1. Report, by residue number, each residue of the range 361-377 that is of a type in the set (S, T, Y) and under 21 Å from L323 (Cβ atoms).
2. Just to verify a result, which residue in the range 110-119, among those that are among the charged types (D, E, K, R) and part of a loop (DSSP other than H, G, I, E, B), is surrounded by the fewest Cβ atoms within 10 Å (Cβ to Cβ)?
3. Check K329 against each of (1) touching a helix residue (DSSP H, G or I) at 6+ places or on another chain (Cβ under 9 Å); (2) under 22 Å from I355 (Cα atoms); (3) touching a residue at least 12 places away in the same chain (Cβ under 8 Å); (4) surrounded by fewer than 24 Cβ atoms within 10 Å (Cβ to Cβ) and name the one condition it does not meet.
4. Of (1) in contact with a Lys or Arg (Cβ under 6 Å, 6 or more places away or on another chain); (2) surrounded by fewer than 17 Cβ atoms within 10 Å (Cβ to Cβ), P129 satisfies all except one. Which?
5. Please work out which residue is surrounded by the most Cβ atoms within 10 Å (Cβ to Cβ), limiting yourself to the range 340-360 and to residues that are within 15 Å of G325 (Cα to Cα) and among the β-branched types (V, I, T).
6. From L99, L94, L56, grab the single residue that is surrounded by 19 or more Cβ atoms within 10 Å (Cβ to Cβ), without any contact (Cβ under 8 Å) to a residue 60 or more places away in the chain and under 30 Å from S190 (Cβ atoms).
Amino acid sequence: MTSRERVLAAMSFETPDRVPLMCQMSIGHMLQQLPDISPIEFWFDAKTFADGLVRLRELYDFDGILISLHGHFKNWKEIYKRIEFKEDKEILYLDDRKLIFTREDLPFPEFYEQKIYPSIDEINLECIPNQIDYIPVSGGLHFQIDLNNKFEIFDLVYEKVGDEYSIHGEITSPFDYLLDLLGYENALISLIENPEKCKAILQKFTDGISKLASEMCEKKIDAIKISSPFAGAGFISPKFYEEFVLQFESQIINEIKSKGKFVYLHTCGAINDRLELMIESGTSGLECLDPKPLGDVELIDAKKRLGKKVFIKGNIDSVNTLLYGDENKIHHDVKEIIEIGKEGSGFILSTACSIAPLVPKENVKILKSLVEKYGKY
């Protein structure tokens, strides 16, 4: 069974030869395993990014590759000319901010002046573009999408790995775009004070993201991850999840599934109180299911509640197990996760969220031997 066949079988609730292994990695972790690559080039250059993703899959012998960034500009060196190299940092200067690149984590934005977010009343829906041309990676950090070159990265990766490994794309939840547009605090208050305007904004973003996802489905991919990190209990209640997240993500999920692709939701932290709501979205799978103390999900309970409605991709604690744990703890924790998760298929072994930047590569390499030993059907 090829790696791709293994992942497809798990997502379909068929029985693979063993549990597939496919972790997503933080940018910081990836860069620390690729010391010969410039952080700025890894971020902006499609060929460099593709090469890095393939090398990392080989390093850990994962069954698939997640492509988290897309739409690279081929002429990025002409666009971003003002770059400074200072000690262990690479600094890119933009009009209103500078981006500080290191090997520790995501590029860090530093504004020249305090950023002022608009109030919701100031937002004109007509100003929200019909085509999504950026990824709201984190606060103040956008990855701009070249609308004339949106999906080159998928071709580059496929040229290197073909049908041997499962390739997954990634898009971002409309809820993240709302938070990014208004600022986190302002957006959360607006959910209470002006819910209808929030829904109108969310719908506008949903339309654009659905179109982007539909186009992405034309590439050689098996699944699309919807990154929705702020939809957990640490930010909004189940009621607000249903009102401001569920109905919009459901539209995107339906579009992806109509194209014959799998889709899974990635939500960090505490989601135990909304697992059933998340299933109502129609998603094929759920990712993270963070265990305590990062979240509040018990895998054995989640497997019972989710049944064969959605596959699970998770739920190794990247911090307390892989970063701070010794080999014995890693062995104990991961063995238990595999044995619980593999029952009835529908399980992909992964870190709950991204592999933390400082996790030693030796601790990640252990995962392949453990899934080979305990994950066979």
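The values are calculated or read from the model by the stated rules, or taken from the named source; none is laboratory data. Just so it is clear, the model here is predicted, and its values are computed rather than measured. Positions of Cβ are backbone-derived with ideal geometry, glycine not excepted, and every protein chain shown enters the neighbour counts.
1. S369
2. In this case the residue turns out to be E113.
3. (3)
4. So P129 meets the others, but not (1).
5. Step by step, filter the range 340-360, then rank; the result is T351.
6. Step by step, each of L99, L94, L56 is checked, and only L99 is surrounded by 19 or more Cβ atoms within 10 Å (Cβ to Cβ), without any contact (Cβ under 8 Å) to a residue 60 or more places away in the chain and under 30 Å from S190 (Cβ atoms).
Results for (1) under 15 Å from I128 (Cα atoms); (2) of a type in the set (S, T, N, Q); (3) in contact with a strand residue (DSSP E or B) (Cβ under 7 Å, 6 or more places away or on another chain), shown as yes or no for each residue.
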site: G183; (1), (2), (3): no, no, no
site: N186; (1), (2), (3): no, yes, no
site: E196; (1), (2), (3): no, no, no
site: A200; (1), (2), (3): yes, no, no
site: D207; (1), (2), (3): yes, no, no
site: S210; (1), (2), (3): yes, yes, no
site: S214; (1), (2), (3): no, yes, no
site: E218; (1), (2), (3): no, no, no
site: K225; (1), (2), (3): no, no, yes
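For (1) at pLDDT 95 or above; (2) in a loop (DSSP other than H, G, I, E, B); (3) out of contact with any strand residue (DSSP E or B) (no Cβ under 9 Å at 6 or more places or on another chain), each residue gets a yes or a no:
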| position | (1), (2), (3) |
| --- | --- |
| T15 | yes, yes, yes |
| L56 | yes, no, no |
| I65 | yes, no, no |
| F73 | yes, yes, no |
